[in-house]
Amino acid sequence: MKPPGHRLPLFAAAVAAITGAALLARSLLPPASPFRLPSMLRPLLRPLLGAQASKSWRRSRGIIQHAIDAIIITDERQNILQANPAAAAMFGATVDDMQGAPLDAFIPRDQRLGANPATSHYFGNTGIHLRMKGRRASDYAVTGVRRDGQHVPLEGSISSLYENGKPIYTIILRDITERKQVQEKLAQSHTQLRELSAALLTIREEERKHIARELHDDLGQLLATLRVDLALLQRQVRAPEAQNVLAGMDELLMAAITSLRRIASNLRPRALDEGGLYFALESLRQEFVSHYGIACRLHANEEELILDDAHSTAIYRIVQEALTNITRHAQASRVELSLRRVDDKLDISIQDDGRGIAAQDMDKAASYGLIGMRERVWALHGDISIVSDGGTRIMVRLPLPPRPSSANPA
Ligand SMILES: Nc1ncnc2c1ncn2[C@@H]1O[C@H](COP(=O)(O)OP(=O)(O)OP(=O)(O)O)[C@@H](O)[C@H]1O
Ligand SMILES: [Mg+2]
């Protein structure tokens, strides 16, 4: 028989083992889980748990205090329970100022959510009041107001946990003023680039038009006059050798006139200025069919294509680039070109039955055809989409200036 004194270490070892297991279980379970220590152990463990809890409380508090991001903890009525120095600095306040204050005090007046606390939630169940930012439902963008009245764009995340059966919210906020400024500058420079590109396209088109006109009216007239003079000379000269030379000169002159017309028309199709967009497209189509032997149909209405110069030129160039691409890349045998006016919009579709276009083709480094097409469409505030559906289909929708009504002639 063992002396009674041996029972005490045994009892202590048992308590220690149960305590260890209990503490281990508690540390392994998530904090919100309903784990409770056995009631008989509580009086024994209170000092131990109390010490542990206060150590972990001090650690959490230290993390919050020293965090670079602003951290605000509120109760369910959005009264601030705790704010860290970063939050105080963000709002130009002191930690003491913030603690106990309603969250409303740091939200611009026009964005506050009314007086009824039951419905005035900036987050929690009614998180929809805040503009969602990013993909996670807990990420928000909101405007804060500093103590000096200055507004600050903020981004943050909100999480909730329950304490004594009531929710408390942890809001982590970041000042995104700098990022917003960079984004605004980027957007501004993007707009400027777009405007520059539109201006360059217009200048280029004007220059082409000018050179084409000079070639046609100036050089073309000179060559034509030369040909008339040559014909006069041919009638007067009898010597066969001289006749041969003159005939050769006439041939050369004819070749020069033909190539001048070709160059001028490549620079600026005369049909665009003389016959309008429909005829310019029709002659482009005919040239395409006869040159490349690819069937091409034009579905359009001449009346609907009476447009101003900016629209006519842009549309012509878009179709021209699409047809050039088809001859170079598509291996197509049929092309359908359609231009339909629907109210004040023009729907353009260029479809081929070729090999189709791959997504990466659209972003090739040294390819400017599709980029130019997009720029022209965007310059006219339109939309463009390019899809591969058993070939390539380019769809453009352009808003058009309203047609002068026939009932109310200008
Ligand atoms: N109709 C089409 N069918 C198949 N692929 C196409 C078609 N149109 C364009 N592509 C592909 O898209 C790429 C980009 O076309 P894009 O017009 O931008 O450049 P490019 O024709 O190669 O050169 P350029 O700058 O002279 O126009 C082409 O290189 C080609 O691979
Ligand atoms: Mg191209």
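The values are calculated or read from the model by the stated rules, or taken from the named source; none is laboratory data. Note that this is a predicted model, so its numbers are computed, not measured. Virtual Cβ from ideal backbone geometry, glycine too; neighbours counted across all protein chains shown.
Structure notes:
- Among the residues of segment 333-360, those identified as more than 14 Å from ligand 2 (Cβ to nearest atom) and farther than 25 Å from ASN301 by Cβ are SER333, ARG355, GLY356, ALA358, ALA359, GLN360.
- Residues of segment 233-268 classified as within 27 Å of GLU214 (Cβ to Cβ) and touching a Leu at 6+ places or on another chain (Cβ under 7 Å), total: 8
- Residue tally, condition within 38 Å of the chain's Cα centre (by Cα) and of a type in the set (Asp, Glu), over segment 201-239: 3
- Count of segment 68-88 residues, restricted to those that are surrounded by fewer than 18 Cβ atoms within 10 Å (Cβ to Cβ) and under 34 Å from the mean Cα position of the chain (by Cα), is 2.
- Failed condition for VAL387, given (1) in a strand (DSSP E or B); (2) within 13 Å of ligand 2 (Cβ to nearest atom): (2)
- Options GLY165, GLY220; residue that is farther than 30 Å from ARG268 by Cβ, of a type outside the set (A, V, I, L, M) and not assigned by TED's automatic domain parsing to the domain that holds GLU375: GLY165
- Candidates are the residues of segment 319-378 that are at pLDDT 90 or above, farther than 20 Å from ARG285 by Cα and more than 11 Å from ligand 1 (Cβ to nearest atom); the one that is surrounded by the most Cβ atoms within 10 Å (Cβ to Cβ) is ARG376.
- Failed criterion for GLU303 (all others in (1) assigned by TED's automatic domain parsing to the domain that holds LYS209; (2) modelled with pLDDT under 95; (3) surrounded by fewer than 16 Cβ atoms within 10 Å (Cβ to Cβ) hold): (1)
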